[in-house]
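The values are calculated or read from the model by the stated rules, or taken from the named source; none is laboratory data. Since the model is a prediction, treat every value here as computed from it, not as a measurement. With ideal geometry, Cβ positions are generated from the backbone for all residues, glycine too; neighbour counts draw on all protein chains shown. Only protein heavy atoms, including side chains, enter the accessible area calculation; ligands, DNA and RNA are left aside. Shrake-Rupley method; radii C 1.70, N 1.55, O 1.52, S 1.80 Å.
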Amino acid sequence: MARITRLLIIAGCVVVGAPELTCFGDVPLSQLTVVAYNKAEPISLALAKVYAQQRGIPADHLVGLDCSIEDDVSRDDFEATIAQPLRDEFKKKNWWTLHADAEGKERVTGSTIRFVAIIKGVPLKIRPTAQTYPGDEGGSGPINAHNEASVDSELSLLAFNHHPISGLIPNPYFQSFRAIHEFPNPGILLVCRLDGPTPEIVRRMITDSIAAEKYGLWGRAYVDSSHRSAPGAEIGDKWMTDIADQLHKVGIPVVLEDTPAVFPDGFPMNDCALYYGWYAGGITGPFNQPDFRFVQGAVAAHIHSFSASTLRDANSGWTAPLIARGAAASVGNVYEPYLQLTSQLNILNDRLLHGFTLAESAYMSLQGLSWMSVVVGDPLYRPYASWFEGEGRASRAAQQWKAYHDFAVKNSSRPVAEYRALARQMAIRTKNGPMLEDLALMEVAAGNFGPATSFLQLARASYTKRDDILRAVIEQSDAFIKDKKPRSALELIRSVVRIIPDSPASALLKKLEQQALEMISPRTPAPSPSS
């Protein structure tokens, strides 16, 4: 992925300084949502009806488009078959309040629609073109030379049909902390798509999102940092470390892969509710295990230039594979976005944790519109709604996750030493395995390997699932090696390998075993010919 060190601002951006938006009071978000489907694809209408029914979206908010069934379309086809028909529908149904300026051009000064759900069957991306358009200057450079885009990102500016198509439009909602219906720019639409390799996957995304809102998104977070050394790349690693800090403050256990490698094949990645990573070209590691599944309602994203170049193939890129393996929501890029112009995952995660919808959180994380991003999932999905509305609805199986969350929210403002002492007491008393493991990994990160191995020993004793036990064994063996106690690591590894020789994690254990052996008996380099 190419990188830029600062955002190039387009002069004369048309979306800044728009009039204040009409207040919606207590109107449900479903009333602020339009569902767009493709008339040429029968399953598209069927899925649109399922989504509208599940979310209580009015029937007259379903808009059928006569457009291509292909993944990509030309700029002219996008305008003629997708953008203009939607504009016409907004005007026909008075969803927009319009005002004519001094030149007689209509401007949107109010809107009763803020969310758009694009349904499987509508094209995903707009091809680059050499054709020139009125008011479009184009130009050279890493930004202005591009006029390709995702369909969804272009539709976010549907109200501004005279904006330049080359380059991007700065997103006024970037880094916001306000619900979209309270945001003073009425022209911005938050566009997500319910799309994936099969209709069944799309239906499951819808039902999983609603179930997770009701009962809670409970599980572990796996965060894969990259430690890329190229200039400008360190920002991606910062996003990942920010995410780990955010999650610890609300008591979501985090497994952080902080080496240049990605999570390896066979790593026990169970109970995965959140996944954030970068930078591999396609789905890899634990996700390729045949029995891997995310927990219901999971949010998962991996930064890569072409992570969402298609959503039709369950093994191409990242976005579609993550959705196919059980995630309910993801973000990606249809073409090269440049690192700083992809979704800033630390902002996305932070806003989700604060109760915003998927659409709001995703668009708050994007610097530019009319660009390459795509948000896959129910735009109204609030993964952590249960934290704010109905704390008592967690299932019995989720009680350990909830107990850690409740403790962290209550105590995270305490000094680190005091917080960890109280957390240690609670985790040991309640035999809370996820909490014990998370405390151990925090000690490893701080270089305190003795306490870490003790916590992991207790976590292993409290776990009943094989993958939990194996992951704790891997982490404890690694901590022993870092603490220069290879014999302790060797004893632990061999006691486990004898029991589960055919586990996918066996190769990881044997690799750790080899590291321990080399620490005990270092190999003597072979003499050189001159010697």
Flagged links, alpha-carbon separation over 29 Å, of K93/K214; K249/K431; K120/K402; K49/K92: K93/K214; K120/K402
For the chain, calculated [θ]222 nm from helices alone, where every DSSP H run of n ≥ 4 adds -39500 (n - 2.57): -11000 deg cm²/dmol
Point-to-point label distance, S413-D101, nm (Cα→Cβ direction, 7 Å offset): 4.6
Reciprocal of mean inverse Cα separation for the chain (Kirkwood radius, Å): 24.5
By average C-beta atoms within 10 angstrom, highest first, the peptides 258-267, 317-326: 317-326, 258-267
In Å², nearest 10: area of L45 left accessible to a 1.4 Å probe: 60
Cβ crowding within 10 Å averaged over residues, with 368-376, 290-298 ranked highest first: 368-376, 290-298
The chain - percent of accessible surface contributed by carbon and sulfur, probe 1.4 Å: 52
³J(HN,Hα) computed for each position of segment 367-382 - Karplus, 6.51 cos²θ - 1.76 cosθ + 1.60, integer Hz, glycine/proline x: 6, x, 10, 6, 9, 9, 7, 9, 10, 10, x, 5, x, 8, 5, 10
Residue-by-residue Karplus 3J(HN,Hα) for segment 473-485, coefficients 6.51, -1.76, 1.60, Hz, glycine and proline x: 5, 4, 5, 5, 5, 4, 5, 4, 5, 5, 8, 6, 10
Nearest-ten-degree value, helix 199-215 long axis tilted from longest Cα axis of the chain: 70
Average accessible area per residue (Å²) across the chain - probe 1.4 Å, nucleic acids and ligands excluded: 41
Amide hydrogen neighbours beyond the local backbone of A149, cut-off 5 Å, H modeled: I126
Whole-Hz ³J(HN,Hα) from phi, Karplus 6.51 cos²θ - 1.76 cosθ + 1.60, for segment 449-463, glycine and proline x: 6, x, x, 4, 5, 5, 4, 5, 4, 5, 4, 4, 5, 8, 7
Rounded tilt (10° steps) of 433-445 against the dominant C-alpha axis of the chain: 80
Principal semi-axes in Å for segment 373-504 [√(5λ), Cα gyration tensor, largest first]: 30, 20, 15
Evaluated at q = 0.16, 0.17, 0.23, 0.26 Å⁻¹: base-10 log I(q)/I(0), Debye formula over Cα of segment 174-257: -1.08, -1.14, -1.05, -1.06
Cα Rg, Dmax, segment 182-323, angstrom units: 16.0, 49
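Kirkwood Rh over alpha-carbon pairs of segment 42-104, then Stokes-Einstein at 10 °C and 1.306 mPa s: what D in µm² s⁻¹, rounded to an integer? Could you put the intermediate results ahead of the total?
Details: Rh = 13.9 Å.
D = 114 µm²/s.
Once you have the Kirkwood Rh of segment 54-209 from its Cα pairs, apply Stokes-Einstein at 37 °C and 0.692 mPa s and quote D in µm²/s.
Numbers: Rh = 17.2 Å.
D = 191 µm²/s.
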Rounded tilt (10° steps) of 506-520 against the dominant C-alpha axis of the chain: 50
